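Step one of this worksheet: look at the structure below.
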Amino acid sequence: MNKLAVTFVIPAFNEEQSIDAIYEAIKTEMEKHSFYRFEILFIDDGSTDKTLDLIKQKSTHCKEVKYISFTRNFGKESSILAGLKYAKGDAVIMMDADLQHPPSLIGELLHGFEEGYDQVVAKRDRKGDSKVRSFMSSIYYHLVNKVVDVELSDGEGDFRLLSRRAVESLLSLEEGNRFSKGLYSWIGYEAKIIQYKNTPRKNGDSKWSFAKLLNYGIDGVISFNNRPLRLCFFAGIWVLLLALLYVLYIFIQIVQRGISVPGYFTLISAVLIIGGIQLICLGIIGEYIGRIYFETKKRPHYIVKKSNVVDGSNVFKRYGKSVSTSPPFVFEHADSIPEKELVVEHKTSNTTK
Ligand code: UDP
Ligand code: MG
(Lines give C-alpha, C1' and ligand atoms only; values in the text may rest on other atoms or scores of the structure.)
(Ligands and ions follow the chains in the order given, each with its own letter.)
Protein backbone atom coordinates (compact mmCIF):
# COMPACT_ATOMS: atom_id res chain seq x y z
CA MET A 1 0.00 0.00 0.00
CA ASN A 2 1.18 3.51 -0.80
CA LYS A 3 2.28 5.71 2.02
CA LEU A 4 0.00 8.56 2.94
CA ALA A 5 1.25 11.95 1.83
CA VAL A 6 1.08 15.17 3.80
CA THR A 7 1.40 18.62 2.28
CA PHE A 8 2.46 21.52 4.46
CA VAL A 9 1.03 24.76 3.14
CA ILE A 10 3.12 27.70 4.34
CA PRO A 11 2.10 31.23 3.29
CA ALA A 12 5.09 33.55 3.45
CA PHE A 13 5.17 37.29 3.01
CA ASN A 14 8.57 38.83 3.75
CA GLU A 15 9.65 35.95 5.98
CA GLU A 16 13.32 35.67 4.98
CA GLN A 17 14.33 35.14 8.61
CA SER A 18 12.00 32.19 9.08
CA ILE A 19 12.23 30.04 5.93
CA ASP A 20 15.22 28.00 7.06
CA ALA A 21 13.90 27.51 10.55
CA ILE A 22 10.41 26.38 9.53
CA TYR A 23 11.83 23.98 6.94
CA GLU A 24 14.21 22.40 9.44
CA ALA A 25 11.52 22.19 12.11
CA ILE A 26 9.05 20.42 9.81
CA LYS A 27 11.72 18.06 8.51
CA THR A 28 12.81 17.11 12.01
CA GLU A 29 9.21 16.44 13.05
CA MET A 30 8.45 14.40 9.93
CA GLU A 31 11.48 12.20 10.49
CA LYS A 32 9.57 10.93 13.53
CA HIS A 33 6.65 10.02 11.28
CA SER A 34 8.38 8.13 8.54
CA PHE A 35 5.24 6.34 7.42
CA TYR A 36 4.18 9.60 5.79
CA ARG A 37 5.63 11.14 2.68
CA PHE A 38 5.61 14.92 2.83
CA GLU A 39 6.07 18.04 0.78
CA ILE A 40 6.43 21.62 1.97
CA LEU A 41 4.57 24.01 -0.29
CA PHE A 42 5.63 27.61 0.30
CA ILE A 43 3.41 30.34 -1.10
CA ASP A 44 5.46 33.48 -1.54
CA ASP A 45 2.84 36.20 -1.37
CA GLY A 46 4.75 38.84 -3.31
CA SER A 47 7.58 39.22 -0.80
CA THR A 48 9.95 42.11 -1.39
CA ASP A 49 12.83 40.63 0.63
CA LYS A 50 14.85 37.46 -0.02
CA THR A 51 12.02 35.05 0.85
CA LEU A 52 11.60 33.73 -2.69
CA ASP A 53 15.35 33.39 -3.31
CA LEU A 54 15.71 31.38 -0.12
CA ILE A 55 12.79 29.12 -0.99
CA LYS A 56 14.12 28.55 -4.49
CA GLN A 57 17.54 27.74 -3.10
CA LYS A 58 15.98 25.24 -0.73
CA SER A 59 13.95 23.65 -3.54
CA THR A 60 17.08 22.91 -5.56
CA HIS A 61 18.59 20.92 -2.66
CA CYS A 62 15.43 19.44 -1.18
CA LYS A 63 12.94 17.71 -3.42
CA GLU A 64 10.20 18.05 -0.85
CA VAL A 65 10.24 21.84 -1.14
CA LYS A 66 7.68 23.21 -3.61
CA TYR A 67 6.81 26.83 -4.11
CA ILE A 68 4.36 29.14 -5.75
CA SER A 69 5.29 32.79 -6.03
CA PHE A 70 2.67 35.49 -6.69
CA THR A 71 3.21 38.52 -8.89
CA ARG A 72 2.37 40.79 -5.94
CA ASN A 73 0.98 40.65 -2.43
CA PHE A 74 -2.52 39.16 -2.72
CA GLY A 75 -3.08 38.52 0.99
CA LYS A 76 -3.00 35.45 3.21
CA GLU A 77 -6.42 34.19 2.12
CA SER A 78 -5.21 33.97 -1.48
CA SER A 79 -2.00 32.26 -0.38
CA ILE A 80 -3.98 29.63 1.50
CA LEU A 81 -6.29 29.07 -1.46
CA ALA A 82 -3.35 28.57 -3.83
CA GLY A 83 -1.76 26.23 -1.31
CA LEU A 84 -4.89 24.12 -1.01
CA LYS A 85 -5.33 24.01 -4.76
CA TYR A 86 -1.83 22.72 -5.49
CA ALA A 87 -1.42 20.53 -2.41
CA LYS A 88 -1.47 16.89 -3.46
CA GLY A 89 -1.32 15.28 -0.03
CA ASP A 90 -3.92 12.99 1.50
CA ALA A 91 -3.80 15.47 4.35
CA VAL A 92 -2.86 19.13 4.32
CA ILE A 93 -1.37 20.94 7.29
CA MET A 94 -1.47 24.73 7.16
CA MET A 95 1.10 26.60 9.20
CA ASP A 96 2.38 30.17 9.38
CA ALA A 97 5.97 30.70 8.32
CA ASP A 98 6.87 32.66 11.44
CA LEU A 99 6.95 29.59 13.74
CA GLN A 100 4.06 30.90 15.80
CA HIS A 101 2.39 27.62 15.00
CA PRO A 102 4.59 25.16 16.90
CA PRO A 103 5.83 22.36 14.60
CA SER A 104 5.95 20.13 17.69
CA LEU A 105 2.17 19.77 17.30
CA ILE A 106 2.50 18.06 13.92
CA GLY A 107 2.50 14.64 15.58
CA GLU A 108 -0.78 15.36 17.37
CA LEU A 109 -2.34 16.71 14.20
CA LEU A 110 -1.39 13.55 12.33
CA HIS A 111 -2.67 11.45 15.21
CA GLY A 112 -6.07 13.15 14.88
CA PHE A 113 -6.03 12.38 11.16
CA GLU A 114 -5.25 8.74 11.87
CA GLU A 115 -8.21 8.67 14.25
CA GLY A 116 -10.35 9.63 11.29
CA TYR A 117 -10.99 13.32 11.82
CA ASP A 118 -11.31 15.45 8.70
CA GLN A 119 -10.22 18.57 10.51
CA VAL A 120 -7.72 18.65 13.34
CA VAL A 121 -7.58 22.16 14.69
CA ALA A 122 -4.79 23.60 16.80
CA LYS A 123 -6.41 26.16 19.05
CA ARG A 124 -4.23 28.76 20.71
CA ASP A 125 -4.75 30.76 23.87
CA ARG A 126 -4.12 34.48 23.82
CA LYS A 127 -1.04 34.63 26.07
CA GLY A 128 1.53 37.12 24.77
CA ASP A 129 -1.01 39.13 22.78
CA SER A 130 -1.55 42.71 23.85
CA LYS A 131 -4.38 43.15 26.39
CA VAL A 132 -6.25 45.48 24.04
CA ARG A 133 -6.12 42.95 21.19
CA SER A 134 -7.29 40.08 23.42
CA PHE A 135 -10.12 42.18 24.79
CA MET A 136 -11.23 43.35 21.34
CA SER A 137 -11.07 39.78 20.06
CA SER A 138 -13.21 38.39 22.85
CA ILE A 139 -15.86 41.10 22.30
CA TYR A 140 -15.71 40.53 18.55
CA TYR A 141 -16.25 36.76 18.78
CA HIS A 142 -19.03 37.23 21.29
CA LEU A 143 -20.88 39.63 18.98
CA VAL A 144 -20.10 37.93 15.69
CA ASN A 145 -21.37 34.55 16.87
CA LYS A 146 -24.72 36.16 17.58
CA VAL A 147 -24.90 37.38 14.00
CA VAL A 148 -23.36 34.73 11.73
CA ASP A 149 -24.71 31.27 10.99
CA VAL A 150 -21.43 29.42 11.40
CA GLU A 151 -19.60 28.98 14.70
CA LEU A 152 -16.43 31.08 14.90
CA SER A 153 -14.16 30.33 17.81
CA ASP A 154 -11.44 32.58 19.22
CA GLY A 155 -8.00 31.04 18.77
CA GLU A 156 -9.05 28.59 16.05
CA GLY A 157 -7.40 29.83 12.91
CA ASP A 158 -5.51 28.52 9.95
CA PHE A 159 -3.23 26.21 11.93
CA ARG A 160 -5.00 22.95 11.22
CA LEU A 161 -4.88 19.67 9.38
CA LEU A 162 -7.45 19.04 6.67
CA SER A 163 -8.20 15.69 5.09
CA ARG A 164 -8.25 15.45 1.30
CA ARG A 165 -12.03 15.56 1.20
CA ALA A 166 -12.14 18.59 3.51
CA VAL A 167 -9.69 20.31 1.13
CA GLU A 168 -11.87 19.41 -1.86
CA SER A 169 -14.91 20.76 -0.02
CA LEU A 170 -13.15 24.05 0.62
CA LEU A 171 -12.04 24.29 -2.99
CA SER A 172 -15.59 23.70 -4.19
CA LEU A 173 -16.62 27.02 -2.61
CA GLU A 174 -16.04 29.45 -5.40
CA GLU A 175 -16.66 32.77 -3.71
CA GLY A 176 -14.23 35.56 -4.45
CA ASN A 177 -14.22 37.12 -1.03
CA ARG A 178 -12.95 34.32 1.17
CA PHE A 179 -13.15 34.32 4.93
CA SER A 180 -11.39 31.04 5.71
CA LYS A 181 -12.21 30.92 9.40
CA GLY A 182 -15.88 30.80 8.54
CA LEU A 183 -15.39 28.46 5.60
CA TYR A 184 -13.67 25.83 7.76
CA SER A 185 -16.70 25.84 9.98
CA TRP A 186 -19.17 26.04 7.09
CA ILE A 187 -17.93 22.85 5.39
CA GLY A 188 -18.71 20.95 8.57
CA TYR A 189 -17.01 17.57 9.23
CA GLU A 190 -16.10 16.41 12.67
CA ALA A 191 -13.17 18.36 14.06
CA LYS A 192 -10.72 17.51 16.80
CA ILE A 193 -9.38 20.43 18.83
CA ILE A 194 -5.85 20.50 20.20
CA GLN A 195 -4.98 23.29 22.62
CA TYR A 196 -1.61 25.01 22.52
CA LYS A 197 0.11 27.95 24.15
CA ASN A 198 0.45 31.06 22.06
CA THR A 199 4.07 31.70 21.11
CA PRO A 200 5.09 35.26 20.31
CA ARG A 201 6.60 35.85 16.85
CA LYS A 202 10.37 35.18 16.83
CA ASN A 203 11.44 37.15 13.75
CA GLY A 204 9.99 40.03 11.79
CA ASP A 205 6.70 41.78 12.45
CA SER A 206 3.07 40.80 12.23
CA LYS A 207 1.59 41.81 8.88
CA TRP A 208 -1.71 42.68 10.52
CA SER A 209 -2.32 46.35 11.27
CA PHE A 210 -5.34 47.45 13.29
CA ALA A 211 -7.10 48.60 10.11
CA LYS A 212 -6.47 45.22 8.43
CA LEU A 213 -7.87 43.42 11.47
CA LEU A 214 -10.93 45.66 11.50
CA ASN A 215 -11.60 44.95 7.82
CA TYR A 216 -11.09 41.23 8.45
CA GLY A 217 -13.64 41.46 11.26
CA ILE A 218 -16.19 43.14 9.00
CA ASP A 219 -15.55 40.48 6.34
CA GLY A 220 -16.37 37.85 8.94
CA VAL A 221 -19.80 39.29 9.57
CA ILE A 222 -20.73 40.20 6.00
CA SER A 223 -19.40 37.06 4.29
CA PHE A 224 -21.73 34.66 6.00
CA ASN A 225 -25.27 35.94 5.82
CA ASN A 226 -27.57 38.86 5.23
CA ARG A 227 -28.57 39.34 8.84
CA PRO A 228 -27.04 42.84 9.01
CA LEU A 229 -29.49 43.84 6.26
CA ARG A 230 -32.36 42.49 8.32
CA LEU A 231 -30.99 44.40 11.29
CA CYS A 232 -31.33 47.61 9.22
CA PHE A 233 -34.93 46.70 8.51
CA PHE A 234 -35.75 46.17 12.18
CA ALA A 235 -33.83 49.28 13.22
CA GLY A 236 -35.96 51.21 10.70
CA ILE A 237 -39.18 49.80 12.15
CA TRP A 238 -38.17 50.66 15.71
CA VAL A 239 -37.10 54.18 14.81
CA LEU A 240 -40.37 54.72 12.92
CA LEU A 241 -42.43 53.44 15.86
CA LEU A 242 -40.60 55.70 18.31
CA ALA A 243 -40.96 58.63 15.93
CA LEU A 244 -44.73 58.02 15.60
CA LEU A 245 -45.09 57.89 19.38
CA TYR A 246 -43.17 61.13 19.67
CA VAL A 247 -45.31 62.80 16.99
CA LEU A 248 -48.43 61.68 18.88
CA TYR A 249 -47.02 63.12 22.11
CA ILE A 250 -46.23 66.48 20.45
CA PHE A 251 -49.66 66.51 18.78
CA ILE A 252 -51.41 66.03 22.13
CA GLN A 253 -49.30 68.80 23.63
CA ILE A 254 -50.23 71.13 20.76
CA VAL A 255 -53.93 70.34 21.19
CA GLN A 256 -53.69 71.01 24.93
CA ARG A 257 -51.39 74.04 25.00
CA GLY A 258 -51.09 75.31 21.46
CA ILE A 259 -47.92 75.51 19.37
CA SER A 260 -44.78 76.42 21.31
CA VAL A 261 -41.88 77.64 19.18
CA PRO A 262 -38.80 76.33 21.07
CA GLY A 263 -37.91 72.88 19.76
CA TYR A 264 -34.42 73.27 18.35
CA PHE A 265 -32.93 70.52 20.54
CA THR A 266 -35.55 67.89 19.70
CA LEU A 267 -35.43 68.80 16.02
CA ILE A 268 -31.66 68.61 15.68
CA SER A 269 -31.51 65.37 17.75
CA ALA A 270 -34.08 63.71 15.52
CA VAL A 271 -32.34 64.81 12.32
CA LEU A 272 -28.92 63.63 13.53
CA ILE A 273 -30.03 60.32 15.01
CA ILE A 274 -32.19 59.33 12.07
CA GLY A 275 -29.52 60.58 9.65
CA GLY A 276 -26.91 58.47 11.46
CA ILE A 277 -29.04 55.34 11.35
CA GLN A 278 -29.73 55.92 7.65
CA LEU A 279 -26.02 56.27 6.93
CA ILE A 280 -25.19 53.06 8.80
CA CYS A 281 -27.90 51.21 6.88
CA LEU A 282 -26.66 52.62 3.59
CA GLY A 283 -23.14 51.54 4.53
CA ILE A 284 -24.30 47.99 5.23
CA ILE A 285 -26.24 47.84 1.97
CA GLY A 286 -23.17 49.28 0.23
CA GLU A 287 -20.97 46.52 1.67
CA TYR A 288 -23.21 43.88 0.13
CA ILE A 289 -23.42 45.69 -3.20
CA GLY A 290 -19.63 46.03 -3.19
CA ARG A 291 -19.31 42.30 -2.70
CA ILE A 292 -21.73 41.58 -5.53
CA TYR A 293 -19.67 43.93 -7.72
CA PHE A 294 -16.45 42.08 -6.98
CA GLU A 295 -18.04 38.66 -7.35
CA THR A 296 -19.41 39.56 -10.79
CA LYS A 297 -15.93 40.54 -11.97
CA LYS A 298 -14.74 36.99 -11.39
CA ARG A 299 -11.14 38.00 -11.09
CA PRO A 300 -8.66 35.28 -10.11
CA HIS A 301 -7.62 35.29 -6.45
CA TYR A 302 -3.96 35.50 -7.36
CA ILE A 303 -1.58 35.42 -10.29
CA VAL A 304 1.39 33.10 -10.22
CA LYS A 305 4.75 34.49 -11.28
CA LYS A 306 7.03 31.52 -10.64
CA SER A 307 6.51 28.04 -9.34
CA ASN A 308 7.82 24.52 -9.45
CA VAL A 309 4.32 23.05 -9.20
CA VAL A 310 1.95 25.30 -11.14
CA ASP A 311 1.45 24.99 -14.85
CA GLY A 312 1.31 28.68 -15.72
CA SER A 313 0.19 28.19 -19.31
CA ASN A 314 -3.53 28.42 -18.55
CA VAL A 315 -3.19 31.75 -16.84
CA PHE A 316 -1.61 33.39 -19.86
CA LYS A 317 -3.21 31.49 -22.74
CA ARG A 318 -6.00 33.95 -23.28
CA TYR A 319 -3.50 36.80 -23.62
CA GLY A 320 -1.76 34.97 -26.43
CA LYS A 321 1.44 34.28 -24.50
CA SER A 322 2.83 30.87 -23.86
CA VAL A 323 4.73 30.01 -20.73
CA SER A 324 6.88 26.94 -20.19
CA THR A 325 5.10 24.30 -18.15
CA SER A 326 6.50 22.48 -15.17
CA PRO A 327 6.30 18.71 -14.78
CA PRO A 328 3.31 17.39 -12.88
CA PHE A 329 3.66 17.00 -9.15
CA VAL A 330 5.35 13.84 -7.84
CA PHE A 331 6.37 12.67 -4.42
CA GLU A 332 9.85 11.49 -5.25
CA HIS A 333 11.91 11.99 -2.16
CA ALA A 334 10.43 9.37 0.15
CA ASP A 335 11.04 6.33 -2.04
CA SER A 336 13.85 5.12 0.17
CA ILE A 337 11.83 5.23 3.37
CA PRO A 338 10.36 1.83 4.36
CA GLU A 339 6.64 1.76 3.79
CA LYS A 340 4.17 1.02 6.53
CA GLU A 341 0.55 0.35 6.07
CA LEU A 342 -1.68 3.03 7.48
CA VAL A 343 -5.38 3.16 6.89
CA VAL A 344 -7.45 6.19 7.72
CA GLU A 345 -11.15 5.81 8.07
CA HIS A 346 -13.18 8.97 7.92
CA LYS A 347 -15.45 9.68 10.87
CA THR A 348 -18.37 11.02 8.89
CA SER A 349 -20.13 9.01 6.24
CA ASN A 350 -21.08 11.55 3.53
CA THR A 351 -18.08 11.89 1.29
CA THR A 352 -17.52 14.65 -1.23
CA LYS A 353 -14.60 12.93 -2.85
N1 UDP B 1 1.03 36.37 5.21
C2 UDP B 1 0.82 36.27 3.85
N3 UDP B 1 0.34 37.35 3.18
C4 UDP B 1 0.03 38.53 3.82
C5 UDP B 1 0.22 38.59 5.22
C6 UDP B 1 0.71 37.49 5.88
O7 UDP B 1 1.08 35.23 3.23
O8 UDP B 1 -0.39 39.47 3.15
C9 UDP B 1 1.57 35.20 5.94
C10 UDP B 1 2.77 35.52 6.82
O11 UDP B 1 4.00 35.42 6.12
C12 UDP B 1 2.67 34.44 7.90
C13 UDP B 1 1.17 34.24 8.02
O14 UDP B 1 0.58 34.74 6.82
O15 UDP B 1 3.27 33.23 7.50
C16 UDP B 1 0.58 34.96 9.22
O17 UDP B 1 0.92 36.32 9.18
P18 UDP B 1 1.32 37.14 10.47
O19 UDP B 1 2.31 36.38 11.27
O20 UDP B 1 1.73 38.50 10.01
O21 UDP B 1 -0.07 37.22 11.22
P22 UDP B 1 -0.35 37.03 12.80
O23 UDP B 1 0.45 35.86 13.27
O24 UDP B 1 0.06 38.30 13.44
O25 UDP B 1 -1.84 36.79 12.87
MG1 MG C 1 2.29 35.35 12.98
Verdict on Tyr196 being touching a Pro at 6+ places or on another chain (Cβ under 7 Å) and surrounded by fewer than 19 Cβ atoms within 10 Å (Cβ to Cβ): yes
Considering (1) free of Cβ contacts under 8 Å to residues at least 40 places away in the same chain; (2) within 12 Å of ligand 1 (Cβ to nearest atom); (3) surrounded by 24 or more Cβ atoms within 10 Å (Cβ to Cβ), say which one Thr48 fails and leave the rest. (3)
Would you call Leu4 hydrophobic (A, V, I, L, M, F, W, C) and either surrounded by fewer than 17 Cβ atoms within 10 Å (Cβ to Cβ) or at pLDDT below 90 (or both)? yes
Does Ser322 qualify as being part of a loop (DSSP other than H, G, I, E, B), more than 27 Å from Phe38 (Cβ to Cβ) and either at pLDDT below 80 or among the basic types (Lys, Arg) (or both)? yes
Of the residues Ser104, Ser79, which single one is among the hydroxyl-bearing types (Ser, Thr, Tyr) and either at positive phi or buried (at least 21 other Cβ atoms within 10 Å of the Cβ) (or both)? Ser79
Are there any pairs with C-beta distances below 6 angstrom linking a residue in region 192-216 that is within 13 Å of ligand 1 (Cβ to nearest atom) to a residue that is modelled with pLDDT of 70 or more and small (Gly, Ala, Ser), with the two at least 6 apart or on different chains, and if so which? Asn203/Ser18
Determine which single condition Arg164 fails, assuming it passes every other condition in (1) within 16 Å of ligand 2 (Cβ to nearest atom); (2) of a type in the set (D, E, K, R); (3) surrounded by 18 or more Cβ atoms within 10 Å (Cβ to Cβ). (1)
Hey, could you check region 7-39 for residues that are more than 16 Å from Leu105 (Cβ to Cβ) and aromatic (Phe, Trp, Tyr) and say which is surrounded by the fewest Cβ atoms within 10 Å (Cβ to Cβ)? Phe35
Scan region 92-113 residue by residue and report those that are away from ligand 2 (no atom under 16 Å from the Cβ) and out of contact with any strand residue (DSSP E or B) (no Cβ under 9 Å at 6 or more places or on another chain). Gly107
Within region 51-68, the count of residues that are surrounded by fewer than 22 Cβ atoms within 10 Å (Cβ to Cβ), polar (S, T, N, Q) and farther than 28 Å from Glu108 by Cα comes to 2
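The values are calculated or read from the model by the stated rules, or taken from the named source; none is laboratory data. Remember, it's a predicted structure, so these values are computed and weren't measured experimentally. Neighbour counts run over all protein chains shown; Cβ positions are idealised from the backbone, glycine included.
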